1. Does anyone have the angle between helix 50-66 and the longest principal axis of the chain? Alpha-carbon axes, 0 to 90°, nearest 10?
2. Output the 0 to 90 degree angle, nearest 10, between the alpha-carbon long axis of helix 133-144 and the longest principal axis computed from the alpha carbons of the chain.
3. How high is the relative contact order of the chain, in percent, counting Cα pairs under 8 Å that sit 6 or more residues apart?
4. Could you work out the pair-distance distribution P(r) of region 167-227 from its alpha-carbon pairs, with 5 angstrom bin width and percents rounded to whole numbers?
5. Once you have the alpha carbon radius of gyration of region 48-146, what is it after dividing by 2.2 N^0.38 Å, with N set to its residue count?
6. How far is helix 169-180 tilted off the main Cα axis of the chain, in degrees rounded to 10, range 0 to 90?
7. Rg(Cα) of region 119-232 divided by 2.2 N^0.38 Å?
8. Kindly rank 154-162, 224-232, 79-87, 136-144 from highest to lowest mean number of other beta carbons found within 10 Å of each residue.
Amino acid sequence: MRVWDINPGYLNRQSLLGEHRELHAIVSIIRHNKKGYSRHPETLRWQGFGWALNQRHKLLVAEMNLRGFIDRSPVHLKTKNQKWPEVFVDLPAVQLKIIAGKYNNKEQGRIDLPKNVQELWAQHQYSVMARDDAEYKYLSGWVSARKSGKGIDEIYPELVSLLRCPPAEGNLRNTIQHMRDYVSAYVSLSGNTIESKTTRSLLAQIQDLAFLHNIVYLKESTALSELQAWTY
């Protein structure tokens, strides 16, 4: 039984759908006070964190939608608003290594597993931009100063923590407009038209164009799916 803490974009189809099933199993155990797996470490760490389970489900569904799957099974737990478990069954960087071992010579996720901290940052930078401008500038400078391929263990817990924070509306819209620069050659919208669109519809358009025109940088961005879970 596993609910990952890494971005769902790293999961292949089997793991993505598998986590979705197991998350619902944990929700059922918690809601109905079932005995089976009630003492499992994964179940225990989510006890009382209904809002976080609901949000993780939204993140999974956003990634599933990006890959053509349709979800009709919402989660309605709401305890501890905007609070996440403080413990991990495995640390996030370790989870990446577990996934790498599982996927050896097998189907990969939407996002390639990062080989170094620069690749990890490139995959997450729009997600960070949507949360905190100062943190974005700090981490961008920190990564640029690295001289070796080491550093994933140092930076990844901070990235996971940042991506659990709801983006402010202004930051979210600004980030989506930055992402839209990559697809601007394929669509023409006036400034007024863009301002009139919701962040959800703008991001959906970027998603479609990123895959239609094979814009790899966007296709391998965590933001391409996870920001959808925070839009309205």
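The values are calculated or read from the model by the stated rules, or taken from the named source; none is laboratory data. Keep in mind that this is a model prediction, so the values were computed, not measured. A quick note on method: Cβ atoms are made from the backbone with ideal geometry, for glycine too, and the neighbour counts reach across all protein chains shown. For accessibility, only protein heavy atoms count, side chains too; no ligands or nucleic acids. Shrake-Rupley method; radii C 1.70, N 1.55, O 1.52, S 1.80 Å.
1. Once rounded, the angle reads 50 degrees.
2. Rounded to the nearest ten degrees, it is 90.
3. 24
4. Calculated over all Cα pairs of region 167-227, the distribution is 4, 18, 34, 26, 14, 4 percent.
5. Taking N as the residue count of region 48-146, the ratio is 1.28.
6. That works out to roughly 60 degrees.
7. 1.09
8. Final packing ranking: 224-232, 154-162, 136-144, 79-87.
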